[in-house]
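What follows is one structure encoded as structure tokens, with my remarks underneath.
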Amino acid sequence: MRDINQIYIDGQFVTPHGTDMFDLHNPVNGDIIGQVRLGDADDARNAIAAAKRAFQTWSHTTKSERIELLHRLYDAVMAKKNELIEAIILEFGAPATRATFMASGAANSFLDAVRALEKYDLIQKVGTADVVMEPVGVVGLITPWNSNAGFICSKLAYALAAGCTAVIKPSEMSATQTQVLVEALHEAGAPAGLFNIVNGRGGVVGPELTNSPDIAKISFTGSTPVGKSILRDAAATMKRVTLELGGKSPTIILDDADFEKAIPTAIQIGLGNSGQACLNGTRILVPSSRKDEAIAAIKKHFTAIKAGDPLAADTTIGPMVSQAQYDRIQRYIKIGMETATLVAGGEGHPAGLGGYFVQPTVFADVTNDMVIAREEIFGPVLCVLTYDDEASAVRIANDTQYGLHAYVLSGSQERATAVARQLEAGRVAINGAAHDPDAPFGGFKQSGIGREYGVFGLQSYFEPKALLGAAS
């Protein structure tokens, strides 16, 4: 049992004013593995005050000073990489290979921000004006449980690179990861108050951030309904917002694709992070003329999908994060079995497993008006839809309230690119293109507002100030 009884404010580990305790679970078996003491509104206000004081100095630092700290933060997180991997596996249930990728990605966020800052001019000449890129102010960073450490580091890295200070509200469900991370960040020796971390419930700590006049910007990753509530609250003080929200991403397999390559790629895209990722391509669109071939290939390749012990080398799918998440996915699977054709998986646990494990599931004969095709399930559940021609594939792909990510698989890079240009999504990956940390990430439509990563992510933490008639 691990009890986490402190939060991090003004460069110190302090006991929260809040007294609410939250149980932490091992999703493999549902056992309680510890508790975290949650901060309250008073703690959030103290953290905001500390960040406000630190901003007075940090906002005037040079580019080189910020870069030097970002390198120290990278080194500090890398020094605790193995501990972070263990925490991700224990608390989130990610397979070991995925947990290793997540921990490395968290640390690398600081180097990503360095690259963006190095090539970005903080004073730009536009017409006759000098445009000074000034840090927006104190920022509230709210992170989700499906990649808690990664989002803490990526949001913090770009905020600090811009000269902002931060109050971070991580997911209380990820307190073990947060603890490892905050211990690492503390070791970097940053000025007090530069970043402050308050474990707490979204309905308690969150409103303090979104309503405070001392918070200039909110960066939130999570569900679309919560993002809408943040946007409404932020309007009262005209906060800047970056919202990375839900998705129901399409994967279009064009009729010229090699299904022996395209189908396993599409499955991998759909089941990333054990299905618990907003960018997963959970709607697989295949040509009507090749439907039977696609279903047969999916059945064949699904036999290689193994849910099980996160530490086992052959495990590809871990458990869901909580009982509530397990129950949510079961409801959607039941709806799917009543409205579509089950290809693989189904209700209940995989054979021999308990805890929060879900059977990786695929449905065929899905139409785009079905619940399972329109709502974000956030689990290892895929839908196969058919289209008649390229134009109908694009129409079906775009027929969604979301627009975070999309994927196109084809035997022709040129043809895939032409289709990709027609899709309404913040990112479109062609033939399984890998993540690029320098490219902007964010959504169209109800998948969010603004962009993260790279220069676009850095710019979101600046306010441009035009100096007219300034001395050269």
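On the given criteria, is Gly34 under 25 Å from Leu160 (Cα atoms), crowded, with 16+ Cβ neighbours inside 10 Å and modelled with pLDDT of 95 or more? So Gly34 does not fit the description; no. The conditions of being of a type in the set (Val, Ile, Thr) and touching a Pro at 6+ places or on another chain (Cβ under 8 Å) are not met by Thr251.
Among residues of the range 37-61 that are within 15 Å of Gly206 (Cβ to Cβ), those with a beta-carbon under 7 Å from a residue that is of a type outside the set (S, T, N, Q) and assigned to a helix (DSSP H, G or I) at least six positions away or on a different chain give the pairs Leu38/Glu172; Gly39/Val205; Ala41/Glu208; Ala44/Val205; Ala44/Glu208; Ala44/Leu209; Arg45/Glu208. Looking at the range 18-28, is at least one residue touching a residue at least 12 places away in the same chain (Cβ under 8 Å), part of a helix (DSSP H, G or I) and of a type outside the set (S, T, N, Q)? The answer is no; no qualifying residue exists. Screening Ala103, Ala157 for residues that are surrounded by 22 or more Cβ atoms within 10 Å (Cβ to Cβ) and within 16 Å of Phe195 (Cβ to Cβ) leaves exactly one candidate, Ala157.
The sole residue among Arg395, Arg415 that is touching a helix residue (DSSP H, G or I) at 6+ places or on another chain (Cβ under 9 Å), charged (D, E, K, R), outside any loop (DSSP other than H, G, I, E, B) and farther than 30 Å from Ser460 by Cβ is Arg415. For the range 243-258, a residue qualifies if it is surrounded by fewer than 24 Cβ atoms within 10 Å (Cβ to Cβ) and either more than 20 Å from the chain's Cα centre (by Cα) or on the phi > 0 side of the Ramachandran plot (or both), and the qualifying residues are Leu254, Asp255, Asp256, Asp258.
The values are calculated or read from the model by the stated rules, or taken from the named source; none is laboratory data. On a predicted model such as this, the values are computed, not experimentally measured, just so you know. Positions of Cβ are generated from backbone atoms using ideal geometry, with glycine treated the same way; all protein chains shown enter the neighbour counts.
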